[in-house]
1. Whose amide H sits under 5 Å from the amide H of Leu84, counting only residues 5 or more places off or on another chain, with H placed in the peptide plane?
2. Can you compute the modelled spin-label distance between Ile241 and Leu98, with each label point 7 Å from Cα toward Cβ, in nm?
3. For Arg82 paired with Met260, estimate the spin-label separation in nm (one decimal), with each label point 7 Å from Cα along the Cα-to-Cβ line.
4. In whole Å, what is the distance between the alpha-carbon centres of the range 58-81 and the range 140-168?
5. Using a simple spin-label model with points 7 Å from Cα along the Cα→Cβ vector, what separation in nm is obtained for Leu58 and Leu35?
6. Tell me the net charge near Met207. Cut-off is 13 Å between Cβ atoms, Met207 excluded, with +1 for each Lys or Arg and -1 for each Asp or Glu.
7. What does a probe at Val72 reach in the range 229-260, counting residues whose amide N is under 17 Å from the point 7 Å along Cα→Cβ?
8. Which length gain, in nm to one decimal place, applies between Leu65 and Ala107 when the Cα-Cα distance is subtracted from 0.36 nm times their residue separation?
Amino acid sequence: MVKTQQALAKAGKSRAPVTGTALAVRKKRSFAADLYSTAVGKKYAMAISGIALMGFVLFHMIGNLKMYLGAVELDHYAEFLRSLLYPLAPKGAVLWILRGGLLAMLALHLHAAWSLTVLNHQARPVKYQSARDYEVANFASRTMRYSGMIVLSFLIWHLLDLTFGVVNTVGTENTFVKGEVYANVVRSLDRWPVAAFYILANLLLGMHLRHGAWSIFQSLGWNNPRFNSWRWSFATAFAAIVVVGNVSFPIAVLAGIVKM
Ligand code: HEM
């Protein structure tokens with residue numbers, strides 16, 4: 001090392017770097033990536049992706065209300081979604097762009113949730129020894145991770161059921177037919193274990209949505225106590241509308257209100 005430095009001095013060059021890290025060039029990150037590396041940034045990501053997902057579940061529920069108008073109306077609505085901006089854009093193109101956006105929002109929501117959990121564990125690796133004050137953290141807030149994971153499992157099953165039709169083929173009656181959206185819904189929800197699963201998953205979704213809709217304001221820094229009652233009403237009403245709508249579908253099929 002000394003020899004090398006002497007050789008460098010002879011050659012009129014400055015001293016060699018002490019370590020590799022001393023010279024490591026810091027990659028410049030974008031503002032968004034820098035923000036996302038902080039807990040505040042992850043909470044923002046959680047809130048913004050949450051708003052997008054809330055928008056989807058609300059409009060999905062409203063769209064599904066068409067099943068009360070009959071098969072022609074619901075199937076026509078599904079076809080309308082596939083033909084958005086057609087013939088200006090190829091059939092299905094806009095829907096795939098929307099699906100891509102939705103998937104990106106879901107991925108961001110899951111990643112932010114996961115990395116916030118990791119940050120929390122790093123901040124406090126040892127569990128609390130005494131009982132927590134659960135008046136401040138209510139049941140929904142303590143169980144967001146679990147309700148989220150169950151809703152995610154429901155979503156995967158739901159897509160296999162009503163979009164890909166691969167779990168809807170039990171028995172000869174339950175054949176999935178692409179494009180027959182109304183008939184597929186009736187064939188699926190007509191089986192009470194499936195209907196019960198849909199109801200349970202949607203009740204959990206409601207719990208997740210209510211706490212999520214309440215937390216958005218906190219995450220975005222809009223948590224003035226003066227607005228708390230407004231926030232409470234908004235979160236409760238939003239979750240109730242989505243749950244009542246969604247739970248009504250399996251009940252309507254089981255009760256024979258929505259039928260073939
Ligand atoms: C009882 C309640 C529900 C019913 C009856 C229902 C019905 C349907 C149907 C029929 C489809 C296929 C549409 C088509 O192929 O055109 C679908 C797709 C989908 N559903 Fe649901 N759904 C319900 C609840 C939910 C919930 C709670 C979520 C989210 C947590 C959800 C997320 C999705 C997604 C992401 C798709 C794929 C959309 C696409 O391919 O463009 N659904 N749903």
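Every number in this text was worked out from the coordinates using simple rules, so none of it is lab data. Treat the numbers as computed from the prediction; the structure is a model and nothing was measured. Please note: Cβ atoms are built from the backbone with ideal geometry, for glycine as well, and neighbour counts cover all protein chains shown.
1. Distant-sequence amide H within range of Leu84: Gly92, Leu95.
2. For the pair Ile241/Leu98, the computed spacing is 1.7 nm.
3. For Arg82 paired with Met260, the spin-label model returns 2.1 nm.
4. 21
5. The two pseudo-label positions are separated by 2.2 nm.
6. Details: positive: Arg142, Arg145, Arg210; negative: none.
Charge balance near Met207 sits at +3.
7. Counting only backbone N, you get 259-260.
8. 12.4 nm
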